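Note sheet for the following structure.
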Amino acid sequence: MGEAHFRITTRSVEETQALARRMGTGIHFGCLMALNGDLGSGKTTFMQGLAKGLDVPDTYVVTSPTFTLINEYPGRLPLFHVDLYRISDIEELENIGFFELLSGDGVVAVEWADRVARELPDDRIDIQFEVIDDVRRSLDVRAGGQTTGDLVKRLQPVIERKI
Ligand SMILES: Nc1ncnc2c1ncn2[C@@H]1O[C@H](COP(=O)(O)OP(=O)(O)OP(=O)(O)O)[C@@H](O)[C@H]1O
Ligand SMILES: [Mg+2]
């Protein structure tokens, strides 16, 4: 139970989206995903695949909610896409209802989650994105909590088999 970790390299936008889609397909309960990594490392690209895996209709275009902070997409589970790049303080986050989302039944995926690391529950999936070169990205997937740890353990073989 608990702690799970794996690392995977993708070689194109499509591979990152496919990986995220398979992760989304395997998610059957609300959870928190903290997405961190440099500008252009693939966080939003990942979100596009995740939305597909959660059955968000193709008519929704997934782009970074940089100005609104939160976008909500209807899927099998509600998907909340949060981007904290421009967050100025925790109060701003409280005002937009972020902490209420964490106790709801949706999947909450947060770009630049490190900006509020201390405010986040431990039971979450952390994905660290790294730029290797023009076309390759490394994704380090980790979960330490009870439910998310088990989830990541279950997802790992599914994801590694197909890449
Ligand atoms: N293997 C790959 N996976 C994902 N994106 C890739 C890959 N190879 C190249 N790219 C390029 O990297 C960029 C990723 O952009 P994306 O918006 O997903 O990054 P981001 O981490 O969300 O950045 P930001 O912090 O600015 O929101 C795109 O321009 C994409 O074409
Ligand atoms: Mg982004």
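For the reader, a short list of remarks on this structure follows.
- Between residue 154 and residue 76, the FRET efficiency estimated from the beta carbon spacing at R0 = 22 angstrom works out to 0.85.
- On a per residue basis, the stretch 35-163 carries 50 Å² of accessible surface, using protein heavy atoms and a 1.4 Å probe.
- Its relative contact order, with pairs defined as Cα atoms under 8 Å and 6+ residues apart, puts the chain at 36 percent.
- When both the stretch 103-163 and the stretch 44-101 are represented by their alpha-carbon centers, they are found 15 Å apart.
- Charge tally around residue 144: other residues with Cβ under 14 Å, Lys/Arg +1 each, Asp/Glu -1 each, net -3.
- Only Lys, Arg, Asp and Glu carry charge here, each on its Cβ (+1 for the first two, -1 for the last two); on that basis the chain has a dipole of about 780 debye about its Cα centre.
- Charge-dipole axis of the chain as Lys and Arg at +1 and Asp and Glu at -1 on Cβ define it, positive-most pick from 120, 151, 41: 151
- For the stretch 40-57, 3J(HN,Hα) per residue [Karplus equation, 6.51 cos²θ - 1.76 cosθ + 1.60, θ = phi - 60°, Hz, x = Gly/Pro]: x, 8, x, 5, 5, 4, 4, 4, 5, x, 4, 4, 4, x, 9, 6, 6, x
- Cα-based shape type of the chain, given that a ≥ b ≥ c are square roots of the gyration tensor eigenvalues and the cut on a/c is 1.5: rounded
- Accessible surface ranking that places the most exposed of 16, 9, 68 first, with a 1.4 angstrom probe: 68, 9, 16
- Relative protection proxy for 137-147, 57-67, from highest mean packing down: 137-147, 57-67 (other beta-carbon atoms within 10 angstrom).
- Phi-based couplings in Hz for the stretch 68-78 (Karplus 6.51, -1.76, 1.60; Gly and Pro marked x): 8, 6, 10, 10, 10, 10, x, x, 3, 10, x
- Total formal charge among the other residues, if their Cβ is under 12 angstrom from that of residue 49, Lys/Arg +1 and Asp/Glu -1: +2
- Among beta bridges from DSSP that stay inside the chain, the antiparallel ones total about 55%.
- Here the Karplus relation 6.51 cos²θ - 1.76 cosθ + 1.60, evaluated at θ = phi - 60°, turns the backbone of the stretch 24-31 into coupling constants of x, 4, x, 8, 10, 8, x, 7 Hz, with x for every Gly and Pro.
The values are calculated or read from the model by the stated rules, or taken from the named source; none is laboratory data. Since we're looking at a predicted model, the values are computed, not measured. With ideal geometry, Cβ positions are generated from the backbone for all residues, glycine too; neighbour counts draw on all protein chains shown. Side chains included, ligands, DNA and RNA excluded: accessible areas come from the protein's heavy atoms. Shrake-Rupley method; radii C 1.70, N 1.55, O 1.52, S 1.80 Å.
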